Amino acid sequence: MLRAIYPGSFDPVTFGHMDIIRRSSRLVDELIVGVLNNKAKTPLFSVEERVRMLEEVTSDIPNIRIIPFGGLLVDFARRVDAGMVIRGLRAITDFEYELQMAQTNHKMAPELETAFLTTSLEYSYLSSTTVKEVAAFGGDISQFVPVPVADRITEKMKKKESVD
Ligand code: ADP
């Protein structure tokens, strides 16, 4: 049984992430989407909100679980008994960082393999950061994220505006 983890911040989940999730869920028996709770970063959405959005937009995929985690990915992988990490590669700019992380993880946990899926061409430009930037200036983000996520971002931006 092959259980894989697709880890990330997913702040918020985009069509680029969804593409990797769908494609990798077909390659493994069980896919765990690991939602990183990084205390050093200030995300737009809490880890609970990110988990909820991911659950909503992946509800039609049968072999998937969304689980929040903090700390080292290798520890999380051991805890959930996963043998593989899936990462998406958008462009050469992703490569150096991803290679370094995969090799570090491999040193710490030789039993854990990292597999890369190259992004589908239509999503190669897409990142959570640019989606948030476009939304902050009132731009249309419906091409970048699923509808429930777009709604949640718009709500969040309105709340932020009323606080600022
Ligand atoms: P991180 O905080 O680790 O950068 P992200 O949530 O931004 O996490 O991304 C998680 C994973 O999804 C990474 O492997 C990243 O390369 C991949 N990814 C992000 N956006 C896209 C995209 N548009 N197409 C394919 N893969 C993507």
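Sum -39500 (n - 2.57) across every DSSP H segment of at least 4 residues in the chain, then divide by the residue count to get the 222 nm mean residue ellipticity, nearest 500.
Working: 6 runs with 73 residues, N = 164.
For the chain, the value works out to -14000 deg cm²/dmol.
Can you tell me, using C-alpha contacts under 8 Å and at least 6 residues apart, the relative contact order of the range 25-164 as a whole percent? Intermediate values should be presented prior to the final figure.
Details: 116 pairs, mean separation 28.0, N = 140.
20 percent.
Amide H neighbours of Ala115 under 5 Å, counting only residues 5+ apart in sequence or on other chains, H built in-plane at 1.01 Å?
The answer is Val85, Ile86, Arg87.
How about Lys160: which lysines have a C-alpha closer than 27 Å to its C-alpha, ignoring those fewer than 8 places off in the same chain?
Lys39, Lys41, Lys132
Please work out whether the range 18-164 counts as rounded, prolate or oblate from its C-alpha gyration tensor, where a ≥ b ≥ c are the square roots of the eigenvalues and a/c under 1.5 means rounded, while otherwise a/b larger than b/c means prolate and anything else oblate?
On the way: a/c = 1.66, a/b = 1.62, b/c = 1.02.
Here the range 18-164 falls in the prolate category.
Going by the alpha-carbon gyration tensor, a ≥ b ≥ c the square roots of its eigenvalues, is the range 87-129 rounded (a/c under 1.5) or, if a/c is not under 1.5, prolate (a/b greater than b/c) versus oblate? Spell out each step's value before the answer.
Numbers: a/c = 2.99, a/b = 2.24, b/c = 1.33.
Prolate is the answer for the range 87-129, as a/c is 1.5 or above and a/b outweighs b/c.
Mind listing the phi-derived Karplus ³J(HN,Hα) values for the range 44-53, rounded to whole Hz, using 6.51, -1.76 and 1.60 with θ = phi - 60°, and x for any glycine or proline?
5, 10, 5, 4, 5, 5, 5, 4, 4, 5
Could you list which residues have their amide H under 5 Å from that of Arg65, counting only those 5 or more apart in sequence or on another chain, with H placed in the peptide plane?
Amide H to amide H, under 5 Å and 5 or more residues apart or across chains, Arg65 pairs with Leu31, Ile32, Val33.
Karplus couplings for the range 62-73 from phi (6.51 cos²θ - 1.76 cosθ + 1.60, θ = phi - 60°), rounded to Hz, Gly and Pro as x?
Going residue by residue, I get x, 9, 10, 9, 10, 9, x, 8, x, x, 6, 4 Hz, with x marking Gly and Pro.
Using only the Cα atoms of the range 1-45, build the gyration tensor, take square roots of its eigenvalues as a ≥ b ≥ c, and label the shape rounded, prolate or oblate: rounded if a/c is under 1.5, else prolate if a/b is larger than b/c, else oblate. Don't skip to the answer; put the middle values down first.
Working: a/c = 4.68, a/b = 1.77, b/c = 2.65.
Judged from the Cα gyration tensor, the range 1-45 comes out oblate (a/c at least 1.5, b/c at or above a/b).
What residues qualify as long-range amide H neighbours of Ser9, i.e. H under 5 Å apart, gap of 5 or more or another chain, H built at 1.01 Å from N?
The list, which skips near neighbours in sequence, is Leu36.
Tell me, what % of the accessible area of the chain is carbon and sulfur with a 1.4 angstrom probe?
Numbers: 5070 of 9220 Å².
Taking all protein chains in place, the chain shows 55 percent carbon and sulfur surface.
In sequence order, what are the phi-derived ³J(HN,Hα) couplings for the range 122-135 according to the Karplus relation 6.51 cos²θ - 1.76 cosθ + 1.60 with θ = phi - 60°, rounded to whole Hz, with x for glycine and proline?
Running phi through 6.51 cos²θ - 1.76 cosθ + 1.60 with θ = phi - 60° gives 5, 10, 5, 8, 8, 9, 4, 4, 5, 4, 5, 5, 4, 5 Hz.
How much accessible surface area, in Å² rounded to 10, belongs to the heavy atoms of Met84 with a 1.4 Å probe?
Here the residue's solvent-accessible area equals roughly 40 Å².
Rank these residues by their accessible area, most exposed first, probe 1.4 Å: Arg26, Arg152, Arg50. Walk me through the numbers on the way to the answer.
Numbers: Arg26 175, Arg152 65, Arg50 10 Å².
The residues order as Arg26, Arg152, Arg50, largest area first.
The values are calculated or read from the model by the stated rules, or taken from the named source; none is laboratory data. The structure presented is a predicted model; accordingly, all values stated were derived computationally and were not measured. Heads up: the accessible areas ignore ligands, DNA and RNA and are worked out on the full protein's heavy atoms, side chains in. Shrake-Rupley method; radii C 1.70, N 1.55, O 1.52, S 1.80 Å.
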